[in-house]
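Everything on this sheet refers to the single structure shown next.
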Protein chains: 2
Amino acid sequence: MSPVSFFKCLADDTRLHCVLLLQHKGELCVCDLVDAIGESQPKVSRHLAQLRECGILLTRREGQWMYYRLNPQLPAWAAAVIGQAAEGNSVYLKPALVRLGKSESQASCCD
Amino acid sequence: MSPVSFFKCLADDTRLHCVLLLQHKGELCVCDLVDAIGESQPKVSRHLAQLRECGILLTRREGQWMYYRLNPQLPAWAAAVIGQAAEGNSVYLKPALVRLGKSESQASCCD
DNA sequence: TGTGTATATATGTTTTTTCGTATATGGTGG
DNA sequence: CCACCATATACGAAAAAACATATATACACA
């Protein structure tokens, strides 16, 4: 993966939220991400597909639900970039994390 | 600077080359960058202006020449991202570094 | 002041990206 | 098989980014 296409993947609000939330939470299903980010399901799904196609995310199906996670085989520099971005932008990420916490404390979309 | 706009700045070949070359060399004038990257002067100049406007680069004028460098006051996470990107992509950067070395060994554009 | 060099910007066009909406796919349970 | 849910994709429209080319600015030096 070229560095430019990697950075292109992070250069969108929806995609960056997905990546940073997954870096934080380990694994999430699409409905969790839709709730946390507050965008339409097709929009989130399209961006997730893009992140998977370029190798940043992996998926696992469980029944009706599709779980996304960071690809553990990312080049070290790319994983480090994601880690730094997550560390340095907790303020940017916080609202989505709060929404994620709320939907987890209640009956979640994927229980 | 929002993380998304920061990553947008790195999500272009010309801009990423500029940033990584400057990370490597400390300070370069526009003509050095034009030679190293092999793109037209207006194109490089436009991208440099964009990097300066978003706070990633600073400039210093010396006579006819304009020298660019990384902004030392970048947020720590952003500086770390640039560092990681430079470390992990020496292959991507190498051709430009070679061209830079050649033009430096000869009479340079800005001597 | 006038010429030459380095760099910046303006303009119109083309390409790329993103989007909303509609629809398709794939699995679950009746 | 059917109705339902979660997710994915297709498609045309709209918005954003990048481009080539021409021109402007700023400085140096005669």
Selection count where residues are within 26 Å of A:ALA86 (Cβ to Cβ), more than 8 Å from chain A (Cβ to nearest Cβ) and either open to solvent by less than 10 Å² (accessible area, probe 1.4 Å) or among the polar types (S, T, N, Q) (or both), scope segment B:6-17: 2
Qualifying residue in segment B:79-90 (condition: touching a strand residue (DSSP E or B) at 6+ places or on another chain (Cβ under 6 Å) and of a type in the set (Ser, Thr, Tyr)): no
All positions within segment A:53-96 that are in a loop (DSSP other than H, G, I, E, B), at the interface with chain B (Cβ under 10 Å from one of its Cβ atoms) and surrounded by fewer than 18 Cβ atoms within 10 Å (Cβ to Cβ): A:PRO75
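Yes or no: B:CYS31 touching a Phe, Trp or Tyr at 6+ places or on another chain (Cβ under 8 Å), within 14 Å of chain A (Cβ to nearest Cβ) and in contact (Cβ under 8 Å) with a residue 12 or more places away in the chain?
Numbers: touching a Phe, Trp or Tyr at 6+ places or on another chain (Cβ under 8 Å): yes; within 14 Å of chain A (Cβ to nearest Cβ): no; in contact (Cβ under 8 Å) with a residue 12 or more places away in the chain: yes.
It is false that B:CYS31 is touching a Phe, Trp or Tyr at 6+ places or on another chain (Cβ under 8 Å), within 14 Å of chain A (Cβ to nearest Cβ) and in contact (Cβ under 8 Å) with a residue 12 or more places away in the chain.
Give segment A:39-52 a look and list any residue that's in contact (Cβ under 8 Å) with a residue 12 or more places away in the chain and in a helix (DSSP H, G or I), or say none. Please lay out each step first, then the result.
Of all residues in segment A:39-52, those in contact (Cβ under 8 Å) with a residue 12 or more places away in the chain come to A:39, A:43-45, A:47-48, A:50-52.
A:LYS43, A:VAL44, A:SER45, A:HIS47, A:LEU48, A:GLN50, A:LEU51, A:ARG52 - these are the residues of segment A:39-52 that are in contact (Cβ under 8 Å) with a residue 12 or more places away in the chain and in a helix (DSSP H, G or I).
Just to be sure before I move on: is B:ARG61 within 12 Å of the chain's Cα centre (by Cα) and at pLDDT 95 or above in the structure I sent? Don't jump to the end; show me each part of the working.
On the way: within 12 Å of the chain's Cα centre (by Cα): no; at pLDDT 95 or above: yes.
Here the answer is no, as B:ARG61 does not meet what is asked.
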Enumeration of residues in segment B:20-33 that are within 13 Å of DNA strand D (Cβ to nearest atom) and under 19 Å from B:ALA86 (Cα atoms): none
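The values are calculated or read from the model by the stated rules, or taken from the named source; none is laboratory data. Worth saying up front: this structure is predicted, and the values here are computed from it rather than measured. Glycine gets a Cβ as well: all are built from the backbone with ideal geometry, and neighbour counts include every protein chain shown. Each accessible area value is taken on the protein alone, full model and side chains, heavy atoms only, with ligands, DNA and RNA left out. Shrake-Rupley method; radii C 1.70, N 1.55, O 1.52, S 1.80 Å.
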